[in-house]
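First up is the structure itself, then whatever we jot down about it.
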Amino acid sequence: MSKTLKIGIIGCGGIANGKHMPSLKKQKQVEMVAFCDIIPERAEKAAEEFGAEGTKVYTDFRELLKDGSLDVIHVCTPNDSHAEITVASLDAGKHVMCEKPMAKTTAQAKEMLEAAKRTGKKLTIGYQNRFRNDSLYLKEMCDNGELGDIYYGKALAIRRRAVPTWGVFLDEEKQGGGPLIDIGTHALDLTLWLMDNYKPKSVMGTTFHKLGQRENAANAFGPWDPKEFKVEDSAFGFITMDNGATIVLESSWALNVIETGEAKTVLAGTEGGADMKEGLRINGEKMSRLYETNIDLGSGGVAFYSGSAESDSDREARLWVEAVLEDKEPVVKPEQAYVVTQILEAIYESAKSGKAVYFED
């Protein structure tokens, strides 16, 4: 544990500045020594704020990967470049943390998975909602069998009016889609992980572009430009798993609903249920009576995940660094993230064809 990991950041935009770099800066055995962005000023600013002594700045990730001293790469670029950069980084002998979703397409995600297996390097995906206190508590309950056989789940990522108007979020070519691949991916990952079910059988999906053409629309981030809004504004999926379990996925950036929530799940099992709508609530039946319990997560810690004051992203960074240093499996395994991408792609495919998409055994 005496080693210091040298980390390179590829993509120095919003997610790198908002999550990755601040959290890595807090880790004692980490030095960020290389920064790359196609906009030189971004990389230079990141290096100045987060870089260690002797930090280097690049505009071409291939040049950065020639640095043999780097141990880990964080990929914080638009979705369409995740696979190319991740595969190149793994082949260059680096461990990789790639921001969600794993990739724009299943084929690209498969390339990443195969590269990780081929090189023996660690690969993880930035699904930070697994590291929340409520998520960790509920995961322990599920693993202990307290909900029984979980046969129904609802993955929720619903915004009433919060369309991201910056970067490439509205660009279908760069992103691969809208709210489904952006925030729906978090809700789906969380639900699959809690259910510990990664064998999809079939998917039916619908996507809508009903509100994106509105001029001067009400929006948390200011009006969007209808000419640039090339992705769906809401998307829904009905997922049947191989064991018969069912998951409903709801996602939107703009939808005429009052009840909203992101990266939340509802679970129903044979012994009890849970939801995250008003904190973490557990429901069930005892002595022929129904009960509901609100879990107080304000005090105490969760077994293994120490530090109750630790933020989700700080915990994510710490456990990732520990996985590399101690040669352990990362919390978010690439095989799991691959299934998330498979299902998202199937929802888009089903929405276009109007038919169910079936997965091979």
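The values are calculated or read from the model by the stated rules, or taken from the named source; none is laboratory data. Not measured: the values here are computed from a predicted model. Note that we place each Cβ from the backbone using ideal geometry, even for glycine, and neighbour counts take in every protein chain shown. Keep in mind that these areas ignore ligands, DNA and RNA; they rest on the heavy atoms of the full protein, side chains included. Shrake-Rupley method; radii C 1.70, N 1.55, O 1.52, S 1.80 Å.
Here are the numbers for the structure shown:
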quantity	calculated
Candidates A43, A274, A52, ranked by Gaussian network fluctuation over the chain, Cα under 10 Å, top entry	A52
Karplus-derived HN-Hα couplings along region 14-26 (A = 6.51, B = -1.76, C = 1.60, θ = phi - 60°), whole Hz, x at Gly and Pro	x, 6, 5, 6, x, 10, 4, 5, x, 6, 5, 4, 7
Neighbourhood net charge (15 Å Cβ-Cβ; Lys/Arg +1, Asp/Glu -1) for E292	-2
Cα-centred dipole magnitude for the chain, charges only on beta-carbon of K, R (+1) and D, E (-1), debye, nearest 20	100
A107/S202 FRET efficiency (R0 25 Å; Cβ-Cβ; nearest 0.05)	0.80
Value of [θ]222 nm, deg cm²/dmol, for the chain, DSSP H segments ≥ 4, -39500 (n - 2.57) each, nearest 500	-8500 deg cm²/dmol
Net charge of neighbours whose Cβ lies under 11 Å from the Cβ of L90, counting Lys and Arg as +1 and Asp and Glu as -1	+2
³J(HN,Hα), Karplus 6.51/-1.76/1.60, whole Hz, each residue of region 267-279, x for Gly, Pro	10, 9, x, 5, 10, x, x, 8, 8, 10, 6, 10, x
Rounded to 5, the percent of DSSP beta bridges in the chain classed as antiparallel	55
Cα shape, region 1-150, gyration tensor, a/c 1.5 rule	prolate
(1) 66, 50, 41; (2) 65, 42, 40; (3) 64, 58, 42, with the label sought being that of the calculated Cα extents along the principal axes in Å	(1)
Neighbour net charge for E44 - beta-carbon separation under 12 angstrom, K R +1, D E -1	-1
Where GluC sites (Glu not before Pro) fall in DSSP loop in region 207-255, at most 11 other Cβ within 10 Å	E215
Pairwise label distance in nanometres, K210 with N243, each label 7 Å out on the Cα-Cβ vector	3.5
Three-way shape call for region 195-250 based on the alpha-carbon gyration tensor, with the a/c threshold at 1.5	prolate
Greater than 23 Å apart at Cα, pairs in K3/K94; K94/K333; K56/K104; K3/K25	K56/K104
Solvent-accessible area, 1.4 Å probe, carbon plus sulfur percent, for the chain	48
Fully extended contour minus Cα-Cα distance, from Y152 to E173, at 0.36 nm per residue	4.2 nm
Principal-axis tilt of helix 106-119 within the chain, Cα atoms, nearest 10 degrees	60
Difference of contour (0.36 nm per residue) and Cα-Cα distance, N294 to R160	45.7 nm
Reach of K45 by Cα under 12 Å, taken over aspartates and glutamates that are not fewer than 8 positions away in the same chain	D37
In degrees, nearest ten, helix 40-50 long axis to first principal axis of the chain (Cα)	80
Euclidean distance between Cα centres, region 98-138 to region 182-216, Å	17
For region 349-359, Karplus couplings with θ = phi - 60° (6.51, -1.76, 1.60), whole Hz, Gly/Pro x	5, 5, 4, 6, 8, x, 10, 5, 10, 10, 9
Top of G261, G298, G284 by mean-square fluctuation, Gaussian network on the chain, Cα under 10 Å	G298
Max mean-square fluctuation residue, GNM over the chain, Cα-Cα springs under 10 Å, options I347, I15, I247	I15
Probe 1.4 Å, accessible area per residue of the chain, Å²	46
Straight-distance crosslink candidates among lysines, where the alpha carbon sits under 18 Å from K355 and sequence neighbours closer than 8 are dropped	K201
Residue (of A217, S252, G272) at the positive-pole extreme of region 215-323, dipole from beta-carbon charges	G272
